[in-house]
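The values are calculated or read from the model by the stated rules, or taken from the named source; none is laboratory data. Note that the coordinates shown come from a computational prediction; the quantities given were computed from them, not determined experimentally. With ideal geometry, Cβ positions are generated from the backbone for all residues, glycine too; neighbour counts draw on all protein chains shown. Ligands, DNA and RNA are stripped out before the accessible areas are found, and what is left, the full protein with its side chains, is counted by its heavy atoms. Shrake-Rupley method; radii C 1.70, N 1.55, O 1.52, S 1.80 Å.
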Amino acid sequence: MIKRNLIISLALWIMAATAWSSDSFVVKYLSMEHVYLDGGESDGLTVGTRLNVLGPNGVKAELEVVYVAAHSASCKVIGRIDLVQVGDKVALQSPLVRDTVVVADSTPVATPDPIQTSPQPKVTRPRREPSPVTGNISLVFYHYNDDTEPNLDFTQATTRMSLKARRLFGQELTLTVRGRGRFDKRVRSFSSGLDDQDWTNRIWEFSLSYDDPSSPVAATFGRILPRRVGAIGYLDGALVETRFARSLRVGLFGGASPDWMYDDQRLSLTRTGGYLALITGTPTTATLEQAVGLVGEYHAGEVNREYLLLQGRFARGSRFGISHSAEFDINRQWRKERAGSSVELSNLNINSWIRPSDRVRLSVSYDNRTNYWTFDTRSMVDSLFDDHLRQGVRGQVDISFPGQIFTSGSVGYRKREGDPDPTLSYSAHIRKANAFTKGLSLSLQYAGFDGPTTRGSNYSVRANRTFGGRYTLGAALGNYVYETDGLADKRTNRWFELSGQADIARHYWLGTQFLTESGDDLKGYRIQFELGYRF
């Protein structure tokens, strides 16, 4: 009965959908440093994709995708970020537009005199070049006041920085720095080894890269994340890539894994490898990216892990796409003895999507994961090393309706070998943009799960109002209820949130959040302030 009702509901949603521009997106949120779009990898966007923010008088600004997920993307602004507003239409750049379009400001265009019959020449201005140095720095203060009996009050101060300097010394050299410093203050120390206060400083990226389109060789040095084979993680070392023809890339990398990636500070790993990548097509037609990599990790001359990595995606414009990542462990020496086989699949992730109509997007994802033996777990007894297969599948439907109404629903299934029953999860979300007045967004979300021993559900209601594209106020409330086998009563927790964001002048922003919690597990409040500067 449940399965039949789900199929009927899905069919009714699809039949209710009508037209929606498949090559355009909408600015759904302006964060402290990026512009977020309502489309992502499932819509054909990739890192590096260029887009135009459209206004009544032409193109207001340009965007470049710097991070992409299945259904969302964050972009940096090339030009003035203060011209971009929530709700702005965004369109993919075509090669022609990229070469000829002129970025417009907010100055109204004069209407021609009706008595003039001869066409007037178009006045164009030179395209504004992006600043050679872009980025931001922010200071964040966070405090959690715990009113429960353990009294786990917690205060945190964080400094974040992101910087990119292009065309150093007049060459195609780019310096990228991303990091943060954090100070934690707790009410007391803990037996697990946590002190009452500590500093943690992390540099996620500190790299110097050379990438000249006219050169057959590109290189990156420092703390890097190889994009073609990003699943390998961060690396302190170097990557050199050679171009063959127009679509083929061959890369070699080597270095050490950052210490902060591991709990055991004594564990020092070196990592080497290479990849072969095929890249062809354009975001507006068909795009194919496929990389095959061979990676080796070693500790003190011994094998830690060796594996074959497959990573890639294919998209047919904004109508269809599929992405995947797979890791095949190659076991030898002590790893073969522990694993009992020479080759095994340790990780697989597949995500596919399709738009049966311009208003509807359907997606299905599958993943499985199996623990693999490493130098750190080499001496662990089999009974403590969980090598059971964990796999799951999730389906989602996103539909837009006339009147700027956006809905989504999903159903998930996850099963771990050895568990008596699977875990089922489900969610539904509806959002109305420009509700009652321009700039007001209302949304309602419901989610639930049913696992082998625990089941629960939660809902939330949220309202956001944007004023002039510079100021945003938000309010939300939610309720979470769950029950666990062996406990007689259900556990209920409630929360209420107020948030705000303001762009100050051209370079500064201020963000704040206040959240109260009450219920059987949580009692207290959380408060956060952030002051930032864009350059």
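Figures for the structure shown
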| item | result |
| --- | --- |
| For W495, solvent-accessible area (1.4 Å; no DNA, RNA or ligand), Å² | 70 Å² |
| Amide H partners (placed H, <5 Å) of V303, local residues excluded | none |
| Local electrostatic count, E289, Cβ distance below 9 Å [Lys/Arg +1, Asp/Glu -1] | +2 |
| Largest-first ordering by accessible area, 1.4 Å probe, given options F535, F401 | F535, F401 |
| Solvent-accessible surface ranking, highest first, for L440, L308 at 1.4 angstrom | L308, L440 |
| Per residue solvent-accessible surface (Å²) - segment 237-344, probe of 1.4 Å | 49 Å² |
| Surface accessible to a 1.4 Å probe, Y482 within the full protein complex, Å² | 40 Å² |
| Three-way shape call for segment 441-528 based on the alpha-carbon gyration tensor, with the a/c threshold at 1.5 | prolate |
| Under 30 Å from the Cα of K28 - lysines, other chains or at least 8 residues apart | K60, K76, K89, K164, K432, K438 |
| Solvent exposure ordering (accessible area, 1.4 Å, most first) of R178, R355 | R178, R355 |
| Solvent accessible area, Å² - T516, 1.4 Å probe, full protein context | 50 Å² |
